[in-house]
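Chemist: The following block contains the structure, expressed as structure tokens.
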Amino acid sequence: MLFANRGQLARRRTRATSSPAFAGSQSNGDRLALLRRHKPDHWLIVLCAILLATGLMVIYSISPALAQTSGVSGSYYVERQILAIVLAAIAFFVTASIPLERWRRSYKLLLGFAILATLVAIALPVNPNYPAHRWVRLGSLSFESVDLLIFALLIWAANFLAIRLKNGTINNFKKTAYPLLIVMLVVGFVVAVTQSDLGSTGVIVVMLGLMAYVAGLPLKRIFIFGGIIALGTFLAIIATPYRRARLETFLHPDTNCQTTGYQACQSIIAVGSGGFTGLGLGSSVQAYGYLPEADNDSIFAIFAEKFGFIGSALLLLVFGALFYRIAKIGERAPDDFSRLIVFGVLIWISVETVINIGAMIGLLPLKGITLPFVSYGGTSVVFFATSMGLVYQISRYGSHVGPDRDRLKLMERISGNDYSGHRRRFGGAHNPGFGGRGRTKEA
Amino acid sequence: MANPTGPLPASVSIARIRLWSGLLVAVIIIFALRLFYVQVIRYGHYSQAALSDQLKQYQIPASRGLIEVKESGNIVPIVLNQRLYTLFADPPFIKKPQTVAKQISQIIGGNPSSYIHALSIKGTQYSVIANKLTQTQSKAIAKLQDPGLGTQGQDFRVYPNGDLAAQVLGFVNNQGIGDYGLEQALNPQLAGKPGMLKAITSVTGVPLAASRQNTQIQPVPGDNVVLTLNIGIQQQLQQILARDYKTTKSQGLSAIVINPYNGHIKAMANYPTYNPANYANVTNSRLFDNNAVDYPIEPGSVMKTLTTSAALNIGAIKPNETFYDPAHWVINGFNITDIKQDGGAREQNIASILALSLNTGATWMLMQMSQKGNTVINGNGIKIWHNYMVNHFRLGQPTGIEQGYEASGYVPPANLNDPSINLRYANTAFGQGVSITALQLVAALSSVINGGTYYQPTLVNELITPTGKVEVNRPKVLERNVVKSSVGPELIPLMENVVKAYLHGGFSFMNFPSNYIVGGKTGTAQVARPTGGYYNNIFNGSYIGFVGGNKPQYLVVVYNIKPAIPGYAGSFGGQPVFADIVHMLINEGYITPKN
């Protein structure tokens, strides 16, 4: 039994060693022993597909309304979204198959592209309908530069923090906290001020801050960060009239329904009028021009109007399941870099989800942030798929080891895993499946 | 041998990841609770809020009844409807004003740059770009599928005959309500009942697919109105007024041709006039007035026909009676005189009172009504004459014709305590100190000519309901015994005599073919100063008369406001217009000659 396992481990070790993803990244032999390629977490694909299909269905069902209010043909939005999903699928599998180590090495290139794209977006003349310098337009293609920037910063920060961890300088203010702070300030200035995109700035700052937090940056530093961020946000809101108006709107939604609070009012009306069971797939009224950005930022409200409490609660559950899977993959990630990557992706997706849904149900101010995988829009779908591709790749190499795990139980789990058919329905050999059966067993 | 189960050196804190995961779980639970609150507990509130935005109520306008006339047995419309469209923009939705302006000008013409302002105006969601688009143009705009453009249909009145009977017809204002004339008076019948549509709509008001909330009530179209007007007479009358307005240097001409036996108006016109299709461009709103019914004046000596009728009716005078005319009466210390050309004090008769238009003669008639054979005015005569003016001839009150803004005029009350009541009433006997409309005058004299029945003057022959049912407007008798039936035949030759006297006096245009009877009476009325008293150089000219074969067929009244032509306003301002109208009626064959 033990031998058999050992043999298995040995075989896997060779595979893992030959895997370029982790070649040279680990020096510890014990560690390598646990690095073996296994089945990836297919739940990621299933959950993302559910979200994409949900978004596509809503976009399809409101496309007559979108066509009526924007004057394009009825199939325009659906065709564009299908194209985005195809591109996203390609991006997902390409990202998943390019070894992580290569991603890690190319962070400078990615950052270079992201900075270039941001500069181009700032330099390009703006569309009068969206008077913000956020878009890079190449012929008929266009994308939001900030999504590329977040992706590049994700890889940069994971690498930066992993190196600091390895060198033991994570607590060194000058070497760790200081550069992070500089990056946050620069990005904050460029994205929030020049591109007027406070929402994305928030996502970036929270992502970098929390990555630093899980990497073990002392809490004192985190508090300093938090204080600076709070001050920066406060200044950003005070300095721009439309942000002040949005905050005012958020605090007193009902009194501003006809003016600045129009979208906030209409979104909660859409959600509330859905009731328990919803108006039905084809029966959204708010999409007919009442609720702005019905296909995009406001898609959750339209979904809630159509499918009611039951539907929206289920959608929350799907998001919850996705976060759970990503968090689990993060916990089992084989090294600091990949763990930080997975956790960064989790923060990116979950923060955008929370900001978006929170605004739609009147708990947060409107921020112009899309709902991951559900909202219409190629850039967001493609970049979330790309980041999920990284997570998917890492899910192949997950170990079940945590610092709090008892060795014997770990071994039991590893060996038992090979024989328990029910755990193999989906995904990794080390998957406890939904509900964490493994944990109850070990408790 | 490496220990395969050794702890990983990963220093990224799983505890901290779990803290974040736990936070996410908490947020998702809060979101779910919030959703439950918004969608289940507060469902009623938000569904009402949604409905109050989404459920819109529309009036479906009823199509307005047509206005028609009978022409040789056929019904011919003179006022029709045409659905025209207003093009409006919702500027925030207009992405490229330049391009859209070009598209619009390709469809409706005009310079693209003239539309750009309305397309890009800030702070409104409704900006009118152009009015009165045709249905074809409206459909072409709809084909652009621009969410910022819309058209709104509205029925507009169309007038195939231009300004024909403009002031009689009135117009329909941009709220769809009749204003002035028939359109105002018959608005309830013409307008019909609007329908209603309650529907869930898009934000721009386009009703969405049928839902439980959608209800619709069909509109009921208005009745069609067939007028009594004779379109031929009306057209020619308008031409005559336009011409004579210039030749008599008038400030306003009104005339009516009426059938005295049923009160049907055959023609009614004023000059100057306007084209109701362009009512919105008319700057002088007085052009909308139908002065024939809404502009009472002191009529002057035309009133003597009614004074004579009343006096004949009560036997105060006889048609061939003579009397001595002292050429002036002193009443309440005031001289009532005739004009010098009439030859001063001498024997006169009833015919010469009318032919020479003797004010002293009219005053004498009032004296005879007071006490036969005497030359004083007393309360008895005043009461009788007041009764005739107000109750028999129905002066000083609206006739009830189907016209907006009909005026009532003024008859002084028979207040015997008034120290100058005698003078006041002597004046009314020759048409001063009393104000009446042309219609009141002609309707009153009609009742004398037709044998004593006062028919309410009317413009409506019949109403045709949307189902095709014809409701004939029967002549409405307002007063049965205005005068005895013998008075008309006595008055007719007296009025014929007036025409002959003028012909002999050199008014050659008063020469009519001998197989027709034509009678009349001039009126030259002093115009009251607003401050009291009368102008001594400004007069209104009036004329009342009839034309027929064996008996009078039509009565014609003319009011000429302040004609500047030299000579007496009645003789030179009113009379030639009357003559032109009668010649036209005879020459065009509208009058059946004597057999």
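The values are calculated or read from the model by the stated rules, or taken from the named source; none is laboratory data. Values in this document were obtained by computation on a predicted structure and should not be read as measured data. Ideal geometry is used to build each Cβ from the backbone, glycine not excepted, and the neighbour counts take in all protein chains shown.
Chemist: Given the conditions (1) in contact with a strand residue (DSSP E or B) (Cβ under 7 Å, 6 or more places away or on another chain); (2) modelled with pLDDT of 95 or more; (3) part of a loop (DSSP other than H, G, I, E, B), report the number of the one that B:VAL499 does not fulfil.
Modeler: (3) is the only condition that B:VAL499 fails.
Chemist: Here are B:ASN74, B:ASN81: which of them is surrounded by 15 or more Cβ atoms within 10 Å (Cβ to Cβ), within 27 Å of the chain's Cα centre (by Cα) and not acidic (Asp, Glu)? Steps first, answer last, please.
Modeler: Working: B:ASN74 fails: surrounded by 15 or more Cβ atoms within 10 Å (Cβ to Cβ).
One residue alone meets the criteria, B:ASN81.
Chemist: While we're here: Taking the options B:LEU51, B:LEU66, name whichever one is out of contact with any helix residue (DSSP H, G or I) (no Cβ under 6 Å at 6 or more places or on another chain), away from chain A (no Cβ under 14 Å) and in contact (Cβ under 8 Å) with a residue 24 or more places away in the chain.
Modeler: B:LEU66
Chemist: Then there's this: Restricting segment B:32-70 to residues that are of a type in the set (A, V, I, L, M) and outside any helix (DSSP H, G or I), which is farthest from B:GLN184 (Cα to Cα)?
Modeler: B:LEU55
Yes/no matrix, rows are residues, columns are (1) part of a helix (DSSP H, G or I); (2) surrounded by 15 or more Cβ atoms within 10 Å (Cβ to Cβ); (3) at pLDDT 90 or above:
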site	(1), (2), (3)
A:ALA53	yes, no, yes
A:MET57	yes, yes, yes
A:TYR60	yes, yes, yes
A:ALA65	yes, yes, no
A:ILE90	yes, no, yes
A:THR95	yes, yes, yes
A:GLU101	yes, yes, yes
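Chemist: Also, quick follow-up: Considering (1) within 13 Å of chain B (Cβ to nearest Cβ); (2) surrounded by fewer than 19 Cβ atoms within 10 Å (Cβ to Cβ); (3) of a type in the set (Ser, Thr, Tyr), say which one A:SER284 fails and leave the rest.
Modeler: (2)
Chemist: Under the condition of being among the aromatic types (Phe, Trp, Tyr) and loosely packed, with under 14 Cβ neighbours inside 10 Å, which residue from segment A:214-244 is farthest from the other protein chains (Cβ to nearest Cβ)? Lay out the reasoning, then the answer.
Modeler: In the first step, residues of segment A:214-244 are kept if they are among the aromatic types (Phe, Trp, Tyr); the result is A:223, A:225, A:234, A:242.
Add one more test, that the residue is loosely packed, with under 14 Cβ neighbours inside 10 Å, and what stays is A:223, A:234, A:242.
On the way: A:PHE223: 15, A:PHE234: 22, A:TYR242: 16 Å.
Once the filter is applied, the top-ranked residue is A:PHE234.
Chemist: Inspect segment A:67-82 for any residue being of a type in the set (A, V, I, L, M) and within 21 Å of the chain's Cα centre (by Cα) and give the result as yes or no.
Modeler: yes
Chemist: Among the residues that make up segment B:401-409, is at least one of them assigned to a helix (DSSP H, G or I), at pLDDT 95 or above and under 22 Å from B:GLY541 (Cβ atoms)?
Modeler: Filtering segment B:401-409 for residues assigned to a helix (DSSP H, G or I) gives none.
No, that holds for no residue.
Chemist: Check off (1) under 19 Å from the mean Cα position of the chain (by Cα); (2) farther than 17 Å from A:ILE355 by Cα; (3) within 7 Å of chain B (Cβ to nearest Cβ) for A:GLY289 and give me the number that stays unchecked.
Modeler: All conditions pass for A:GLY289, except number (1).
Chemist: Could you go through segment A:353-366 and let me know if any residue there is within 13 Å of the chain's Cα centre (by Cα), more than 10 Å from chain B (Cβ to nearest Cβ) and either farther than 30 Å from A:LYS166 by Cβ or crowded, with 21+ Cβ neighbours inside 10 Å (or both). Walk me through it before giving the result.
Modeler: To start, the set of residues in segment A:353-366 that are within 13 Å of the chain's Cα centre (by Cα) comprises A:353-356.
Retained after the next criterion (residues that are more than 10 Å from chain B (Cβ to nearest Cβ)): A:355-356.
So of that shortlist, the ones also either farther than 30 Å from A:LYS166 by Cβ or crowded, with 21+ Cβ neighbours inside 10 Å (or both) come out as A:355-356.
Within segment A:353-366, one or more residues are within 13 Å of the chain's Cα centre (by Cα), more than 10 Å from chain B (Cβ to nearest Cβ) and either farther than 30 Å from A:LYS166 by Cβ or crowded, with 21+ Cβ neighbours inside 10 Å (or both).
Chemist: Determine which member of the set A:GLU293, A:GLU331 is surrounded by fewer than 24 Cβ atoms within 10 Å (Cβ to Cβ), at pLDDT below 95 and farther than 23 Å from A:TYR262 by Cα.
Modeler: That would be A:GLU331, the only listed residue that is surrounded by fewer than 24 Cβ atoms within 10 Å (Cβ to Cβ), at pLDDT below 95 and farther than 23 Å from A:TYR262 by Cα.
Chemist: I'm told B:THR467 meets every condition in (1) closer than 30 Å to B:LEU66 by Cα; (2) buried (at least 22 other Cβ atoms within 10 Å of the Cβ); (3) of a type in the set (Ser, Thr, Tyr); (4) at pLDDT below 95 except one. Can you identify the failing condition by its number?
Modeler: Just one mismatch for B:THR467, condition (2).
Chemist: Separate question: Could you name every one of the helices (runs of 4 or more DSSP H) located completely within segment B:97-165 that has at least 3 residues being assigned by TED's automatic domain parsing to the domain that holds B:VAL79 and surrounded by 20 or more Cβ atoms within 10 Å (Cβ to Cβ)?
Modeler: B:97-108, B:113-120
Chemist: Would you pick out the residues in segment A:161-213 that are within 14 Å of another protein chain (Cβ to nearest Cβ), without any contact (Cβ under 8 Å) to a residue 40 or more places away in the chain, farther than 27 Å from A:THR370 by Cβ and in a helix (DSSP H, G or I)?
Modeler: Of everything in segment A:161-213, those that are within 14 Å of another protein chain (Cβ to nearest Cβ), without any contact (Cβ under 8 Å) to a residue 40 or more places away in the chain, farther than 27 Å from A:THR370 by Cβ and in a helix (DSSP H, G or I) turn out to be A:ILE163, A:ASN167.
Chemist: Let me ask you something else. If I ask for residues that are within 21 Å of B:ASN497 (Cα to Cα) and either over 25 Å from the mean Cα position of the chain (by Cα) or outside the structural domain of B:ALA292 (by TED's automatic domain parsing) (or both), which ones from segment B:547-566 would you list?
Modeler: B:VAL547, B:GLY548, B:GLY549, B:ASN550, B:LYS551, B:PRO552, B:GLN553, listed by residue number.
Chemist: Does B:TYR559 count as touching a residue at least 40 places away in the same chain (Cβ under 8 Å) and either of a type in the set (Gly, Ala, Ser) or touching a helix residue (DSSP H, G or I) at 6+ places or on another chain (Cβ under 6 Å) (or both)? Give the steps one after another, and end with the answer.
Modeler: Details: touching a residue at least 40 places away in the same chain (Cβ under 8 Å): yes; either of a type in the set (Gly, Ala, Ser) or touching a helix residue (DSSP H, G or I) at 6+ places or on another chain (Cβ under 6 Å) (or both): yes.
For B:TYR559, the condition - touching a residue at least 40 places away in the same chain (Cβ under 8 Å) and either of a type in the set (Gly, Ala, Ser) or touching a helix residue (DSSP H, G or I) at 6+ places or on another chain (Cβ under 6 Å) (or both) - is met.
Chemist: Also: Just one of the numbered conditions (1) over 27 Å from B:SER485 (Cα atoms); (2) not in a loop (DSSP other than H, G, I, E, B) is not true of B:PHE323; which one?
Modeler: It is condition (1) that B:PHE323 fails.
Chemist: On the given criteria, is B:LEU23 part of a helix (DSSP H, G or I), over 60 Å from the mean Cα position of the chain (by Cα), within 13 Å of another protein chain (Cβ to nearest Cβ) and among the hydrophobic types (A, V, I, L, M, F, W, C)?
Modeler: yes
Chemist: So which residues in segment B:433-453 are crowded, with 24+ Cβ neighbours inside 10 Å and either among the acidic types (Asp, Glu) or part of a strand (DSSP E or B) (or both)?
Modeler: Correct list: B:ILE436 only.
Chemist: Inspect all residues belonging to segment B:243-256 and state whether any of them is touching an Asp or Glu at 6+ places or on another chain (Cβ under 7 Å) and in a helix (DSSP H, G or I).
Modeler: Scanning segment B:243-256 turns up at least one residue that is touching an Asp or Glu at 6+ places or on another chain (Cβ under 7 Å) and in a helix (DSSP H, G or I).
Chemist: From the list B:GLY533, B:GLY505, B:GLY519, which residue is modelled with pLDDT under 95 and closer than 24 Å to B:GLU321 by Cα?
Modeler: B:GLY505 is the lone residue from the list that is modelled with pLDDT under 95 and closer than 24 Å to B:GLU321 by Cα.
Chemist: Select from segment A:305-343 the residues that are under 30 Å from A:ILE98 (Cα atoms), within 9 Å of another protein chain (Cβ to nearest Cβ) and among the small types (Gly, Ala, Ser) and list them in ascending order.
Modeler: Once the filter is applied, which keeps residues that are under 30 Å from A:ILE98 (Cα atoms), within 9 Å of another protein chain (Cβ to nearest Cβ) and among the small types (Gly, Ala, Ser), segment A:305-343 yields A:GLY320, A:ALA327, A:GLY330, A:ALA333.
Chemist: Right, here's the next one. Please find, among A:LEU138, A:LEU148, the residue that is at pLDDT 80 or above and either within 28 Å of A:ALA385 (Cα to Cα) or surrounded by 24 or more Cβ atoms within 10 Å (Cβ to Cβ) (or both).
Modeler: A:LEU148
Chemist: Please verify whether A:GLU331 is over 22 Å from A:ILE369 (Cα atoms) and in a helix (DSSP H, G or I), treating the condition exactly as stated.
Modeler: For A:GLU331, the condition - over 22 Å from A:ILE369 (Cα atoms) and in a helix (DSSP H, G or I) - is met.
So that you can scan it fast, the table gives a plain yes or no per residue for (1) under 30 Å from B:LEU51 (Cα atoms); (2) away from chain A (no Cβ under 14 Å); (3) under 22 Å from the mean Cα position of the chain (by Cα); (4) surrounded by fewer than 19 Cβ atoms within 10 Å (Cβ to Cβ):
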{"position": "B:LEU190", "(1), (2), (3), (4)": "no, yes, yes, no"}
{"position": "B:MET196", "(1), (2), (3), (4)": "yes, yes, no, yes"}
{"position": "B:VAL203", "(1), (2), (3), (4)": "yes, no, no, no"}
{"position": "B:GLY222", "(1), (2), (3), (4)": "no, yes, yes, no"}
{"position": "B:LEU227", "(1), (2), (3), (4)": "no, yes, yes, no"}
{"position": "B:GLN234", "(1), (2), (3), (4)": "no, yes, yes, no"}
{"position": "B:ASP244", "(1), (2), (3), (4)": "no, yes, no, no"}
